[in-house]
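The values are calculated or read from the model by the stated rules, or taken from the named source; none is laboratory data. These numbers were taken from a predicted model, which means no experiment stands behind them. Note: ideal-geometry Cβ built from the backbone for every residue, glycine included; neighbour counts use all protein chains shown. For accessibility, only protein heavy atoms count, side chains too; no ligands or nucleic acids. Shrake-Rupley method; radii C 1.70, N 1.55, O 1.52, S 1.80 Å.
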Amino acid sequence: MSGIMTRNGHPDLRDGSRFSQRIRRRYAEHLGWLPEGTPTRAAMQSLYDTLRTHGHDVGASLRILRQLVVERLIALDCNQDTPLSAVTLAMTELAELALDAAYHASRTTLDAQHGAPLAPDGQRAELCIVGMGKLGARELNVSSDIDLIYIYDQDGETAGDADGRARITNQEYFGKMVRAIYALVGESTEHGFVFRVDLALRPNGNSGPPVVSLGALEEYFHVQGREWERFAWMKSRVVAPQVAIGAPCAQSLRSVVVPFVFRRYLDYNVFDALRVLHRQIRDHATKRSAGKPERNNDVKLSRGGIREIEFTVQLLQVVRGGQFPELRTRPTQSALQRLTRAGLMPQATADALDRAYVFLRRVEHRIQYLDDQQTHVLPTSDSELEWIAHTLGFADSCHFLSELDQHRELVAQEFDALLGGSQKECKGCNGSASNAAPGGSDFDEMLAPLSGQFRDRVSSWREHPRVLALREESRVRLGRLIQRTSQWVSAGRVTEDAAVRLADWIEPLLRRESYLALLLERPTVHERLLHMLGAARWPARYLLKHPGVIDELAGNALFEERFDPADFEQELEHRRAALQSSGEDDDEALLNLLRRAHHAEVFRTLARDVEGRLTVEQVADDLSALAEAVLRVTTRWCWDRLKNRHQAECRFGIIAYGKLGGKELGYGSDLDIVFVYDDPDERAGEVYAALVRKLINWLTVKTGEGDLYEIDTALRPNGNSGLLVTSFEAYSNYQQQRGSNTAWTWEHQAMTRARCVLGDAALHARFDAVRQTVITAERDSQGLRAEIDAMRAKVRAAHPVRGAQFDIKHSPGGMVDIEFVVQFLVLSQSRNHPELLANAGNIALLQRAQACGLLPSPVGDQAAQAYRNLRQIQHRARLNEEATQVEPDGIATERTAGLALWAAVFDAAPSLQPA
């Protein structure tokens, strides 16, 4: 190594780069023309202009500029440990500058020859030079080629020369421009090249035209676009000319690229596509290294190399980016942190991959510093390895190689964990049997190991149109999925009922092939899904309506967590901000965002429920808390988007009744709610009426993602004939019997279970005061008893029970009887017994009534336990889609307790004094 010293007394490590030595010899007189420090776009532009004024043409100026910039970066990187990001940004800006300069030079020449290319409206047609890969991501290597695609916005023809002759089509004009730009940037001259240029990623590859129109590109995506191209286009960016960045052409291009790369649903089909692409790259690397073992040490393409980090990140981005716009970032390091924030990768893993990425990229640069060759293979020369080690701060190459191996092993493990899923198939799922495809010649072979009802169910697919219409790869996936399921049934891991229900569930979804891919790629999800389907029938119906939620089964913490309203709302606001940042926050996008988040939370609760991790009461608590959170978020968003809102603050409230009011919400329950406002502004009535109409629409309208809730507002003042929203004062007067328009007894019964679930603290307090006044009002107990008894008879008549069956809810001694008793006790006795005022639920109120002597012991406790048991029976029946009418013998204890409660209060009631 040279003995030349740097200013700080250390050896000048750039001397180990033969390329740096050549530049310093050839361009010694120019070295001082580039300002000190890391080259910036402005500094490079200034040096380019200086070179032009000294007589160099465009091509020569760009080439000399490139040599001086790279030499500076070698010096900074090797001697001063300049960050990787500074090196790659400088190279990226150099490429952008070069392409911009080449574009303008070519445009001047071509316009003189053929005139400007014109769109049908007479405006100039524009060219977008799209940078792919590392150029698009601003991660360009010092010796990297630049992957380009040329897109023009409008077909047409040029205006012609000064005499109106020499007109050509826009396609021909821009084709000539592409060749001219290549001559200025890509061709080798006495000054070398600026960048090697690769156009292989364009539509139809090297057999396609060098430049395509935006319309042709969109059609290509729809008709021929392949899965691997989605990964390539994910990093795409308009890099030149500068005037095109942010122009309508670039914006239109973005609107074409985004839906091609990022699908609206979770897209697990890309796993196989990326796996195949990675296998092809490894096979190619293996062929290249045949007979040359040193080529196995490729820091980019070998196992654990840079490409595997990029693939790991890009795979998660493409799978989730359709629903998570914040993941749509190009740089690898930025994407790693965003994946962590989205909960898709542990922070420790992201940090480790980030360190590995930086290390491998810095090694890659040093390999290229040696001779400015586009290579990623470690040198075999001991002296060159020592030089690389020293420039990275290692004492010797042994320590360097040891750390290199550690990083590569970590990368390989993470990559294999992500993409190796379907490679670790169950016994018998590989080999020839794995290719058995329903509807194909191997159908009988696939059926052979199946038995019982599962075999009968799958047999029906032999001539099923949906199965026959599947692409070959999807039919193979389906066959492998069926085989794995069959083996688990045989091993006793899942039940036959679960397998049959899986077939029932998947059949209508066969055209949405991503779900086949998901289940095949994620055996854990497949097995958990089977457990859910085997536990009850209703989950299959829910999954059929919202199949995308099965991805929730992938999380290991699913069964250990409970619903957290604050986290739910924070995540939704984060997701909304991401949509805003990408300009996608229209009403439809927000409606679908709300629905996906709601369905996912319902499914998480359902999964914990069927696994026995939650009690019935906990399920109801979580579903009620979810509904309240959805109401809060939806109200905020609707208010923000309300055109006629008169102020920033929304002085609005929602009163919940029924199951939501009592925190007893079930799956699919509607919401009994009343809307009020507490706003003196004269426009308030009109404004809040518009808000309520919008809010109800957002909650109930069906989109492609389904709906949220059915809304019942019949308990508002004057019922269905009343206003949708009233002032809180009018609501209060109605409930407290002020004026001629007042509430009925049954409305006061409903008030016992009412809660204010949305509104500021003052509104909550005012509602609680009104509720307490209503509930504790002086009443004639005998008259109240008669009214509630009559109401119970009316309800029972509307729900007749046939035969000798016992209806969990409506038979004498059932849930409704118990609920009506509690309402009577609260309305008649809370004036003297304030412990009954709280909206504590039927079970707690029964226990309190017994404790304060309103119920004889053990009538209250037995009725409370009976109500809990009846709720559990009702809940299980609904989950399994069974009738809630059962044999009386199996429910005798609960029925007896309910009848005893009714008798104690409505028949004898000796201990109940008039309130």
Task: Heavy-atom accessible surface of segment 592-694: percent carbon and sulfur, 1.4 Å - done: 42
Task: Dipole of the chain [Lys/Arg +1, Asp/Glu -1 at C-beta], most positive-end residue of Phe806, Ala690, Tyr657 - done: Phe806
Task: FRET efficiency, Glu682 to Ala769 (Cβ-Cβ, R0 25 Å, nearest 0.05) - done: 0.45
Task: Debye, to nearest 20: dipole size of segment 787-915, +1 on Lys, Arg Cβ, -1 on Asp, Glu Cβ - done: 220
Task: Label corresponding to Cα Rg over 2.2 N^0.38 Å when calculated from the structure given, among [x] 0.97; [y] 1.22; [z] 1.60 - done: [y]
TODO: Please work out how much accessible surface Val676 shows to a 1.4 Å probe, ignoring ligands, DNA and RNA, in Å² rounded to 10.
DONE: 0
Task: Rounded to the nearest 20 debye, dipole of the chain from Cβ charges on Lys, Arg, Asp, Glu - done: 660
- [ ] Using a 1.4 Å probe and counting only protein heavy atoms, arrange Arg831, Arg651, Arg528 so the residue with the most accessible area comes first.
- [x] Arg831, Arg651, Arg528
- [ ] Take the alpha carbon atoms of segment 139-213, find their center, do the same for segment 752-825, and report the distance between the two centers in whole angstrom.
- [x] 77
Task: Relative contact order (%) - segment 800-913, alpha-carbon pairs under 8 angstrom, separation at least six - done: 37
Task: Neighbour net charge for Ala247 - beta-carbon separation under 10 angstrom, K R +1, D E -1 - done: -2
Open item on the list: At 0.36 nm per residue, and after removing the present C-alpha to C-alpha distance, how many nm does the segment from Arg537 to Asp371 gain when stretched out fully?
Closed with: 53.1 nm
Task: Hypothetical label at Ser255: residues of segment 555-586 whose amide nitrogen lies under 19 Å (7 Å Cα-Cβ projection) - done: 579-586
TODO: For segment 72-174, with all protein chains present and a 1.4 Å probe, just round the carbon and sulfur fraction of the accessible area to a whole percent.
DONE: 45
Open item on the list: So for each of 550-556, 718-724 I average, over its residues, the number of other beta carbons within 10 Å; can you give me the resulting order with the highest mean first?
Closed with: 550-556, 718-724
Task: Exposure rank, largest accessible area first [Arg792, Arg320, Arg645; 1.4 Å] - done: Arg645, Arg320, Arg792
Task: Order by protection proxy (mean Cβ within 10 Å, highest first), peptides 207-216, 160-169 - done: 207-216, 160-169
Open item on the list: For the pair Ala417/Gln224, report the inter-label distance in nm, with labels modelled 7 Å from Cα in the Cβ direction.
Closed with: 4.0
Open item on the list: For a Förster distance of 41 Å, can you work out the FRET efficiency between the beta-carbons of Phe559 and Glu409, rounded to the nearest 0.05?
Closed with: 0.80
- [ ] Restrict the search to segment 449-530; then list the GluC sites (Glu not before Pro) that DSSP places in a loop and that have at most 12 other Cβ atoms within 10 Å of their Cβ.
- [x] Glu463
Task: GluC sites (Glu not before Pro) within segment 614-721, DSSP loop, no more than 14 other Cβ atoms inside 10 Å - done: Glu649, Glu682, Glu710
TODO: Leaving ligands, DNA and RNA out of it, rank Thr108, Thr375 by accessible area with a 1.4 Å probe, largest first.
DONE: Thr108, Thr375
- [ ] Summarise the accessible area of segment 706-830 (1.4 Å probe, protein heavy atoms) by the percent that is carbon and sulfur.
- [x] 53
TODO: Work out the charge dipole of segment 515-620 with +1 on the Cβ of Lys and Arg and -1 on the Cβ of Asp and Glu about the Cα centre, then indicate which of Ala566, Gly583, Leu553 is farthest towards its positive end.
DONE: Leu553
Task: For the chain, accessible area per residue (1.4 Å probe, heavy atoms of protein chains only), Å² - done: 42
Task: Angle between the chain longest axis and helix 58-80 axis [Cα atoms, degrees, rounded to 10] - done: 70
- [ ] Name the residue farthest towards the positive end of the dipole of segment 476-522 from the options Ile482, Ser514, Gly492, assuming +1 on Cβ of Lys and Arg, -1 on Cβ of Asp and Glu, about the Cα centre.
- [x] Ser514
Task: Cα-based helix-to-principal-axis angle, 248-261 vs the chain, degrees rounded to 10 - done: 60
Open item on the list: Between Arg341 and Ala600, what's the calculated FRET efficiency when r is the beta-carbon distance and R0 is 22 Å? Round to 0.05.
Closed with: 0.80
Open item on the list: What Kirkwood Rh does segment 742-893 have if only Cα atoms enter the pairwise 1/r average? Answer in Å.
Closed with: 16.8
Task: Dipole magnitude (debye, nearest 20) for segment 92-143, charges at Cβ of Lys, Arg, Asp, Glu - done: 100
